[in-house]
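The values are calculated or read from the model by the stated rules, or taken from the named source; none is laboratory data. Please read all numbers here as calculations on a predicted model, not as lab measurements. Quick reminder, even Gly has a Cβ in these numbers, built from the backbone with ideal geometry, and neighbours come from all protein chains shown. Ligands, DNA and RNA are excluded from the accessible area calculation, which covers all protein heavy atoms including side chains. Shrake-Rupley method; radii C 1.70, N 1.55, O 1.52, S 1.80 Å.
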Amino acid sequence: MARTDTTAVRRGRGRRWVLAAAATLFGGALAAHDTWLMPAGAFRVPIGQRAALAMTSAMRFPVPETAIRPERVERATLRLGDASTPLVVGAAARGVLAFRTEPLATAGIATAAVSLAPRTLTLTRAQVAHYLDEIGADSAVRAAYARGDGSWTETYVKHTKTVLRVGDGAADSSWRIPIGQRLELVPRIDPTTLRAGTRVAVQLLRCGAPLAGQAVGWVRGGSTRARLATTDAEGVVQLTLDRPG
């Protein structure tokens, strides 16, 4: 059996970018559809208001396609500063699963995180070949698959995050702190201040420890393929958001 954790982080200021990583555990692969969490409205929320969020799985970011079933949600939380509260899980409709926060009472940077329960799939050879290309699998992973009988069963877990600025929020640096997902991308620059041309560093953690040598992809809204880079010894990958989107 193969097991894969995938993670996606949607962040920006009116921008449409998604970052994703697939950590190969026992030879896993990235699922066919990317999954992301993002605000239903703006990435800036006035103090005292609720924020609405939407989660979807789809082939073309940021267009929603398939709503996550509410019963698949294993953890849904919002951290604002040093306080965490559950996200309220709403209905699945029009290709998205809705979430909402409680009223956001203080200024800061809010990190919303949703993790799904494990799901198991059996894949064909053609699907496996496509997924290995998607995640930039190295020769060792491809060789390990080639030595087998061609069967592939994977169990995967998806972890998503998005970041909101509440009020001014400038004094809050909680975005630097991991939220505790099993596979997690942690920014090293305030993700609510990104602009076209920004050089961005993110650290990939698995179970809280840096994950080295792992492919991380990023996609601009409207693009059909991810660009890939590999994490260094500290689990960090550098990327440039080279245009608006």
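Some notes on this structure:
- Which listed residue, of T85, T24, is β-branched (V, I, T), at pLDDT below 95 and open to solvent by 20 Å² or more (accessible area, probe 1.4 Å): T24
- Every pair of residues 6+ apart whose Cβ atoms lie under 7 Å, when the first sits in the stretch 83-107 and is under 21 Å from P178 (Cα atoms) and without any contact (Cβ under 8 Å) to a residue 40 or more places away in the chain while the second is open to solvent by 70 Å² or more (accessible area, probe 1.4 Å) and part of a loop (DSSP other than H, G, I, E, B): T85/E102
- Extreme residue, farthest from G213 (Cα to Cα), among residues of the stretch 130-150 that are touching a residue at least 12 places away in the same chain (Cβ under 8 Å) and hydrophobic (A, V, I, L, M, F, W, C): A144
- Failed condition for G197, given (1) within 18 Å of the chain's Cα centre (by Cα); (2) farther than 26 Å from A76 by Cβ: (1)
- Filtering the stretch 50-74 to residues that are closer than 30 Å to T106 by Cβ and either of a type in the set (D, E) or in contact (Cβ under 8 Å) with a residue 60 or more places away in the chain (or both) leaves A51, L53, M55, P62, E74.
- Number of the condition not met by G95 [criteria: (1) within 23 Å of S173 (Cβ to Cβ); (2) surrounded by fewer than 18 Cβ atoms within 10 Å (Cβ to Cβ)]: (1)
So that you can scan it fast, the table gives a plain yes or no per residue for (1) open to solvent by 70 Å² or more (accessible area, probe 1.4 Å); (2) within 27 Å of Q214 (Cβ to Cβ); (3) modelled with pLDDT of 90 or more:
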{"residue": "G12", "(1), (2), (3)": "no, yes, no"}
{"residue": "A29", "(1), (2), (3)": "no, yes, no"}
{"residue": "H33", "(1), (2), (3)": "no, yes, no"}
{"residue": "M38", "(1), (2), (3)": "no, yes, yes"}
{"residue": "M59", "(1), (2), (3)": "yes, yes, no"}
{"residue": "A67", "(1), (2), (3)": "no, no, yes"}
{"residue": "V73", "(1), (2), (3)": "no, yes, yes"}
{"residue": "T77", "(1), (2), (3)": "no, yes, yes"}
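- Residues being surrounded by fewer than 16 Cβ atoms within 10 Å (Cβ to Cβ) and under 18 Å from H159 (Cα atoms) are represented in the stretch 120-130 by at least one member.
- Residue list for the stretch 148-168, restricted to those being open to solvent by 80 Å² or more (accessible area, probe 1.4 Å) and modelled with pLDDT of 90 or more: D168
- Put simply, of A171, A233 the only residue that is more than 30 Å from I47 (Cβ to Cβ) and either open to solvent by 20 Å² or more (accessible area, probe 1.4 Å) or among the β-branched types (V, I, T) (or both) is A233.
- Tally, over the stretch 159-176, of residues that are part of a strand (DSSP E or B) and not β-branched (V, I, T): 4
- Search result, residues across the stretch 174-199 that are within 23 Å of A107 (Cα to Cα) and open to solvent by 30 Å² or more (accessible area, probe 1.4 Å): R176, I177, P178, G180, R188, I189, T193, R195
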